[in-house]
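Student: One structure, as structure tokens, below. Some questions next.
The values are calculated or read from the model by the stated rules, or taken from the named source; none is laboratory data. None of the values given here were measured: they were computed from a predicted structure. In this analysis, Cβ positions are derived from the backbone assuming ideal geometry, glycine residues included, and neighbour counts consider all displayed protein chains. What goes into the accessible areas is simple: the full protein's heavy atoms, side chains included, and nothing from ligands, DNA or RNA. Shrake-Rupley method; radii C 1.70, N 1.55, O 1.52, S 1.80 Å.
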Amino acid sequence: MTNPAGSDESLSLWIDTTASTHYPPLRGDVEADLAIIGAGITGITAAYLLSKAGKSVVLVDKGRMAMSETGHTTAHIVESTDADYSEMVRIHGEEGARTDTAAIRSAVDLIRSLVAELSIDCGFKAVDGFLYAEEEKDREYLQRQHQDLLR
């Protein structure tokens, strides 16, 4: 495996085992309803959904599509947030925290539906996830998170 050209990032299975893409730079004027800057998974998904909705879209990136953050992910999708639920409730209120959680679940549902609709052979499957503490001092945090989820 090799690092991407000009990158000091760690080796990426996704980048190293996927055929390279090359699209010529845009030349001259281009007309479209929307321009999306950034061809990671979010930009690609937005471009796909907008074009499916009848919009003309130009998707641009400074380098190879899906090579930066997206190319260095572990490709796992979770229905939980990295944020502390107590902190989310404090900042955004209970309704805001619920809205955030619903948005995450909606995103997972969208991914599931796109995998099926486009027959993407990616090994997508739902599995149980577990949040655990390696040290006793983190146990209280997990118990608080659990109580917040039960609200």
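Student: Go through (1) assigned to a loop (DSSP other than H, G, I, E, B); (2) modelled with pLDDT of 90 or more and name the single condition ARG105 misses.
Tutor: (1)
Student: For residues in segment 125-146 being part of a helix (DSSP H, G or I) and open to solvent by less than 70 Å² (accessible area, probe 1.4 Å), which is modelled with the lowest pLDDT?
Tutor: GLN145
Student: Here is a further query. Which numbered condition trips up THR99, out of (1) touching a helix residue (DSSP H, G or I) at 6+ places or on another chain (Cβ under 9 Å); (2) closer than 30 Å to GLN143 by Cβ; (3) not in a helix (DSSP H, G or I)?
Tutor: Failed condition: (3).
Student: Then there is this: Could you list all residues from segment 116-146 that are under 14 Å from HIS76 (Cα atoms) and of a type in the set (Val, Ile, Thr)?
Tutor: Within segment 116-146, just VAL127 meets the criteria.
Student: Right, something else. Scan segment 129-151 and report the pairs whose first residue is small (Gly, Ala, Ser) and whose second residue is open to solvent by 100 Å² or more (accessible area, probe 1.4 Å), with Cβ atoms within less than 7 Å and a gap of 6+ or a chain change.
Tutor: Note: pairs meeting the criteria are ALA133/ARG139.
Student: Tell me, which residue of segment 60-76 that is open to solvent by less than 60 Å² (accessible area, probe 1.4 Å), among the hydrophobic types (A, V, I, L, M, F, W, C) and without any contact (Cβ under 8 Å) to a residue 60 or more places away in the chain is farthest from LEU11 (Cα to Cα)?
Tutor: VAL60
Student: Could you grab the pairs with beta carbons closer than 6 Å, sequence gap of 6+ or different chains, first residue in segment 78-101 and under 26 Å from LYS125 (Cβ atoms), second one open to solvent by 80 Å² or more (accessible area, probe 1.4 Å)?
Tutor: Partner pairs satisfying both residue conditions: GLU79/ARG105.
Student: Please work out which one of (1) at pLDDT 95 or above; (2) open to solvent by 80 Å² or more (accessible area, probe 1.4 Å); (3) in contact with a Leu (Cβ under 9 Å, 6 or more places away or on another chain) is the condition SER56 fails and give its number.
Tutor: Checking SER56 against (1) at pLDDT 95 or above; (2) open to solvent by 80 Å² or more (accessible area, probe 1.4 Å); (3) in contact with a Leu (Cβ under 9 Å, 6 or more places away or on another chain), the one that fails is (2).
Student: Then there's this: Failed condition for CYS122, given (1) surrounded by 13 or more Cβ atoms within 10 Å (Cβ to Cβ); (2) under 30 Å from THR18 (Cα atoms), with all others met?
Tutor: Just one mismatch for CYS122, condition (1).
Student: Right, here's the next one. Could you grab me the full set of residues in segment 84-118 that are touching an Asp or Glu at 6+ places or on another chain (Cβ under 8 Å) and loosely packed, with under 13 Cβ neighbours inside 10 Å?
Tutor: Selection gives ARG105 alone.
Student: So is LEU149 more than 20 Å from THR74 (Cα to Cα), open to solvent by less than 100 Å² (accessible area, probe 1.4 Å) and either in contact with a Lys or Arg (Cβ under 8 Å, 6 or more places away or on another chain) or in a helix (DSSP H, G or I) (or both) or not? Break it down into steps so the answer makes sense when it comes.
Tutor: On the way: more than 20 Å from THR74 (Cα to Cα): yes; open to solvent by less than 100 Å² (accessible area, probe 1.4 Å): no; either in contact with a Lys or Arg (Cβ under 8 Å, 6 or more places away or on another chain) or in a helix (DSSP H, G or I) (or both): yes.
No: the conditions fail for LEU149.
Student: Which of the residues spanning segment 81-96 are in contact with a helix residue (DSSP H, G or I) (Cβ under 7 Å, 6 or more places away or on another chain) and within 25 Å of GLY38 (Cα to Cα)?
Tutor: THR81
Student: Would you be able to tell me the number of residues in segment 12-52 that are open to solvent by 60 Å² or more (accessible area, probe 1.4 Å), within 20 Å of ILE120 (Cα to Cα) and part of a loop (DSSP other than H, G, I, E, B)?
Tutor: Looking only at that region, the number is 4.
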